[in-house]
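Undergrad: One structure is given below, represented as structure tokens, and several questions about it will come after.
The values are calculated or read from the model by the stated rules, or taken from the named source; none is laboratory data. Note that this is a predicted model, so its numbers are computed, not measured. Here the Cβ positions follow ideal geometry from the backbone for every residue, glycine too, while neighbour counts run over all protein chains shown. Heavy atoms of the whole protein, side chains included, go into the accessibility calculation; ligands, DNA and RNA do not. Shrake-Rupley method; radii C 1.70, N 1.55, O 1.52, S 1.80 Å.
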Amino acid sequence: MSMTGELLFEQSSKDTLRLILSGRWKLEKDLPAADEVVRKLGDAPEVCNIDLEARGLDAWDSGLLVFLTDLRKFCSEKKIRLKGKNLPSGVLSMLKLAAAVPEKKDARKAEGRVTFLIDLGNQTVDFFRSCGDLLEFVGEATVAFSKLLRGKAQYRRSDLWLILESCSAQAVPIVTLISFLVGMILAFIGGIQLQMFGAQIYVADLVAIAMVRLMAAIMTGIVMAGRTGGAFAAQLGTMQVNQEIDALKTLGISPMEFLVLPRMLALALMMPLLALYANIMGILGGALVGMSMPGINLIQYYNQTVASLNLWHLGIGLFSSAVFGVIVALAGCMRGIQCGRSASAVGEAATSAVVTAIVGIILATAIITIITNMLGV
Amino acid sequence: MIAAKENIKEDAHIIVKDLTMAYGSFVVMQDLNFKINRGDVFIIMGGSGCGKSTMMTILIGLKSPAKGQVFYDDVDFWMTDEETRNRIIRRAGVMYQSGALWSSMTLEENLALPLETYTDLRPGQIHEVVKLKLSLVGLAGFEDFYPSEISGGMQKRAGIARAMALDPEILFFDEPSAGLDPVSARRLDDLIVQLSESLGTTMVVVTHELASIFTIGNNSVFLDASKRTMTAIGDPNKLLAETKDPALRLFLTRGEESSG
Ligand SMILES: Nc1ncnc2c1ncn2[C@@H]1O[C@H](COP(=O)(O)OP(=O)(O)O)[C@@H](O)[C@H]1O
Ligand SMILES: [Mg+2]
């Protein structure tokens with residue numbers, strides 16, 4: 001039978017303390033800690049020698065080693081001589097191994113604790129720097145785009161096709177679901193209010209204008225930010241980790257043209273189409289709810305919808321969605337290219353791409369709404 | 001072989017002068033001065049984390065030095081305009097530590113991209129060149145494989161094939177044999193030596209594999225992490241015979257002599 005590790009103290013003389021280790025010194029149960037010795041020494045300050053002795057030590061593993069390294073560290077700080085007797089030879093060689101390379105005490109990681117004010121300052125500086133990065137990225141993307149217009153940009157047509165496919169046809173199911181439901185929700189909420197005035201037929205106007213002018217673009221934008229923007233960031237981030245982007249750069253191929261441009265182009269082309277499709281789905285969703293209201297039938301709903309819409313609504317909606325496409329692509333690619341060189345950095349890049357894209361979409365919506373308001377369209 | 005190399009007139013291809021490399025305020029290495037001659041197999045050696053890869057990113061134009069200069073022939077690489085820098089580095093091929101093959105493209109497409117970009121070859125000719133380069137690294141028949149479908153050693157070799165695609169004047173290798181089994185590592189070393197001998201390409205090899213260092217290198221620089229600077233330059237075999245520096249001895253002998 002073996003019991004857990006035990007530590008016995010024997011004051012063999014005035015300045016020598018003997019420690020006797022016995023039992024099972026394994027990591028599994030509560031082992032005596034070096035603190036006990038420290039406490040003991042606190043009571044006997046004149047001790048300057050410690051003799052360690054193993055007596056009936058059944059088994060040991062890292063539990064014993066941790067105790068001994070702690071003890072050794074303490075002793076060397078307090079200039080106490082530490083001697084071992086009967087210790088298993090394995091223990092001695094492991095201790096020697098652990099002490100072979102001195103602990104790295106370079107300035108590098110020892111940044112120390114940062115106070116709140118320093119942290120705030122750093123964050124602020126980082127924020128302004130990231131604004132600068134954003135502008136730089138947008139600038140480079142613009143240069144790449146102008147090269148594209150002059151037919152000089154270098155990218156693979158087959159990449160463009162693949163990306164077009166992944167951000168159009170493959171996004172249709174989720175866009176269908178979301179826009180149909182948003183149309184229904186709008187109709188429900190608006191319908192309840194309008195019914196109070198007996199004006200429920202205007203549900204058609206409400207749904208049509210809201211969807212076509214704004215909601216379809218925003219909803220597809222947000223769906224694509226989560227679906228495609230995050231994927232772009234993860235793809236480019238992984239390429240960064242694998243040094244694939246470095247390999248492009250040393251070949252003199254601009255990652256902007258080769259990677260960012262096709263993604264931007266694909267989303268800017270496909271988002272308006274998706275938004276157009278979302279318009280139809282949203283209106284259908286609204287119609288489903290509208291027809292369940294008293295006094296509205298499909299023909300009436302259809303006529304009211306057509307009458308309420310004009311080309312301005314459609315144009316503004318489609319324009320917004322193209323802008324959102326560029327925003328989602330830029331956010332995704334920027335975060336991907338800025339990605340650090342580790343797996344967790346890729347995850348962070350994907351997350352922050354989605355956040356950046358959604359913030360960008362909402363900001364852009366606000367700006368577009370204010371401008372169209374001022375123009376009175 | 002070494003004697004033959006020494007007969008070639010010393011003709012500096014790359015000169016590194018007073019170079020300091022740093023990440024922000026963290027100085028990795030400072031006061032670096034060395035010369036890489038044309039046709040050399042030049043080894044950048046040192047323990048892990050001493051800054052070998054960082055050195056390479058500076059030499060290939062991915063990261064600017066904190067201080068000092070790098071000359072390619074007579075051109076100050078980091079002071080010149082980006083256009084010239086791109087032109088210089090286009091004559092270099094780089095094999096990255098992780099292979100860095102473009103994962104969305106097949107091996108053939110990986111090798112074809114530089115050719116399509118910088119030559120006027122017809123698609124048929126490009127296909128022939130790609131086949132030749134792949135067969136040079138022993139990967140004939142793998143044209144249509146994606147990088148994820150081949151083993152790590154094959155990826156490294158494909159990385160070399162891509163680096164050689166444009167018949168560069170300088171080839172950079174970052175830890176070519178790391179993570180390979182001894183036989184593959186040996187084959188890679190042979191490949192590097194053969195390429196250097198038959199094409200006269202300057203080779204810059206970052207490594208800490210002793211076997212490679214002694215068999216392929218004919219010039220080298222040793223980066224000492226604890227001193228944060230270089231402590232030796234020269235033929236690694238001679239360094240081994242002559243050095244008195246304990247850190248370098250320890251490195252070149254795997255620490256075996258020090259314990260004796
Ligand atoms: N992107 C980076 N940012 C900050 N420090 C880095 C970065 N990359 C490498 N380092 C640090 O620079 C030193 C040299 O790294 P590296 O050149 O990769 O070493 P080696 O290739 O010789 O193993 C290491 O201490 C490493 O921690
Ligand atoms: Mg490295």
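Undergrad: Give the ranking of B:LYS63, A:LYS96, B:LYS156, A:LYS83 by solvent-accessible surface, highest area first, calculated with a 1.4 Å probe.
TA: A:LYS96, A:LYS83, B:LYS63, B:LYS156
Undergrad: Show B:THR229, A:THR369 ordered by accessible area, largest first, where the area counts protein heavy atoms only and the probe is 1.4 Å.
TA: Most to least solvent-accessible, the answer reads A:THR369, B:THR229.
Undergrad: Determine the shielding of peptide B:90-99 by partner chains: average, over its residues, the number of Cβ atoms on other chains within 10 angstrom of each Cβ.
TA: Going residue by residue through B:90-99 and averaging, the value is 3.
Undergrad: Now, a different point. Can you give me the angle between helix A:343-375 and the longest principal axis of chain A, using Cα atoms only, in degrees from 0 to 90, rounded to the nearest 10?
TA: Orientation of helix A:343-375: about 30 degrees from the principal axis.
Undergrad: Taking Cα pairs under 8 Å and at least six residues apart, what relative contact order does chain B come out at, in percent? Intermediate results must be reported in sequence, preceding the final value.
TA: Values: 454 pairs, mean separation 65.0, N = 260.
That works out to 25 percent.
Undergrad: So, one more: Per residue, how many Å² of accessible area does the protein assembly as shown show with a 1.4 Å probe?
TA: Accessible surface, normalised per residue, equals 51 Å².
Undergrad: Mean separation of Cα pairs under 8 Å and 6+ residues apart, divided by the residue count of segment A:6-100: what relative contact order is that in percent?
TA: Taking the mean separation of contacting Cα pairs over the length of segment A:6-100, I get 30 percent.
Undergrad: Would you calculate a helix-derived [θ] at 222 nm for chain A, using -39,500 (n - 2.57) for each DSSP H run of n ≥ 4 and dividing by the full residue count, to the nearest 500?
TA: It comes out at -22000 deg cm²/dmol, rounded to the nearest 500.
Undergrad: Something else about it: At a probe radius of 1.4 Å, what is the per-residue accessible area of B:ARG187, in Å² to the nearest 10?
TA: Its heavy atoms expose roughly 140 Å² to the probe.
Undergrad: How crowded by other chains is B:155-168, given as the mean number of beta carbons from other chains within 10 Å of each beta carbon?
TA: That works out to 1 on average.
Undergrad: Also, quick follow-up: Could you tell me the relative contact order of segment A:135-375? Use alpha-carbon pairs under 8 Å, at least six residues apart, and round to a whole percent.
TA: Relative contact order, segment A:135-375: 33 percent.
Undergrad: Report, for segment B:5-253, the % of DSSP beta bridges that are antiparallel, rounded to 5.
TA: So the antiparallel bridges amount to about 55 percent of the total.
Undergrad: What FRET efficiency would be calculated for the residue pair A:SER22, A:VAL101, taking the C-beta separation as r and a Förster radius of 35 Å, to the nearest 0.05?
TA: 0.65
Undergrad: Packing-wise, with mean Cβ within 10 Å as the measure, how do A:85-93, B:132-140, A:338-346, B:34-42 rank, highest first?
TA: On the way: A:85-93: 12.9, B:132-140: 17.4, A:338-346: 15.3, B:34-42: 21.2.
So the peptides A:85-93, B:132-140, A:338-346, B:34-42, ranked by packing, come out B:34-42, B:132-140, A:338-346, A:85-93.
Undergrad: Please compute, for peptide A:222-228, the average count of beta-carbon atoms on other protein chains lying within 10 Å of each residue's beta-carbon. Don't jump to the answer; show the numbers that get you there.
TA: Numbers: counts 0, 0, 0, 0, 0, 0, 0.
Average per residue, whole number: 0.
Undergrad: Another question about this same structure. Please give the per residue volume of the convex hull enclosing the alpha carbon atoms of chain A, rounded to a whole number of Å³.
TA: 286
Undergrad: How much of the accessible area of the protein assembly as shown, in percent, comes from carbon and sulfur atoms when a 1.4 Å probe is used?
TA: The value for the protein assembly as shown is 60 percent carbon and sulfur by accessible area.
Undergrad: Given R₀ = 51 Å, what would the calculated FRET efficiency be for A:ILE299 paired with A:VAL138, taking r from the Cβ atoms and rounding to 0.05?
TA: On the way: r = 48 Å, r/R0 = 0.95.
So, using R0 = 51 Å, E works out to roughly 0.60.
Undergrad: Which order do peptides A:290-296, B:190-196 fall in by mean Cβ count within 10 Å, highest first?
TA: My ranking of the peptides, most packed first, is B:190-196, A:290-296.
Undergrad: Among A:145-151, A:184-190, how do they line up from the highest to the lowest mean number of other beta-carbon atoms within 10 Å?
TA: Values: A:145-151: 11.9, A:184-190: 19.7.
Ranked by mean Cβ neighbours within 10 Å, highest first: A:184-190, A:145-151.
Undergrad: Could you tell me the calculated FRET efficiency between A:LYS73 and A:SER292, based on Cβ-Cβ distance and R0 = 60 angstrom, to the nearest 0.05?
TA: On the way: r = 77 Å, r/R0 = 1.29.
In this case the efficiency is close to 0.20.
Undergrad: Give me the accessible area of A:ASP126, 1.4 Å probe, in Å² rounded to the nearest 10.
TA: Approximately 90 Å² for this residue.
Undergrad: Right, next: Can you tell me how segment A:47-160 classifies by the Cα gyration tensor, rounded, prolate or oblate, using a/c under 1.5 as the rounded cut?
TA: Note, shape of segment A:47-160 comes out prolate.
Undergrad: Here is a follow-up. Once fully extended, how much extra length lies between A:ASN122 and A:ASN373, figured as 0.36 nm per residue of separation less the alpha-carbon to alpha-carbon distance?
TA: Stretched fully, the A:ASN122-A:ASN373 segment lengthens by 86.5 nm.
Undergrad: Between chains B and A, what is the buried accessible area in Å², counting both sides, with a 1.4 Å probe and ligands, DNA and RNA left out, to the nearest 100?
TA: That pair of chains buries around 1700 Å² in total.
Undergrad: Once label points are set 7 Å from the Cα along Cα→Cβ at both A:ASP43 and B:ASP31, what is their separation, rounded to one decimal in nm?
TA: For the pair A:ASP43/B:ASP31, the computed spacing is 5.6 nm.
Undergrad: Oh, and also: So what is the calculated 222 nm ellipticity per residue for chain B, using -39500 (n - 2.57) for each DSSP H run with n of 4 or more, over all residues, to the nearest 500 deg cm²/dmol?
TA: That comes out to -11500 deg cm²/dmol.
Undergrad: Shape of the protein assembly as shown from its Cα gyration tensor (a ≥ b ≥ c, root eigenvalues): rounded if a/c is under 1.5, otherwise prolate when a/b > b/c, or oblate?
TA: oblate
Undergrad: Keeping all protein chains in place and using 1.4 angstrom, which order do A:LYS40, A:LYS73 fall into by accessible surface area, from largest down?
TA: Solvent-accessible surface, decreasing: A:LYS73, A:LYS40.
Undergrad: When DSSP assigns beta bridges and you keep just the ones with both residues in the protein assembly as shown, what percent turn out antiparallel, to the nearest 5?
TA: 45
Undergrad: Quick one: net charge of A:PRO255's neighbours, Cβ under 14 Å, K/R +1, D/E -1?
TA: Value of the local net charge: -1.
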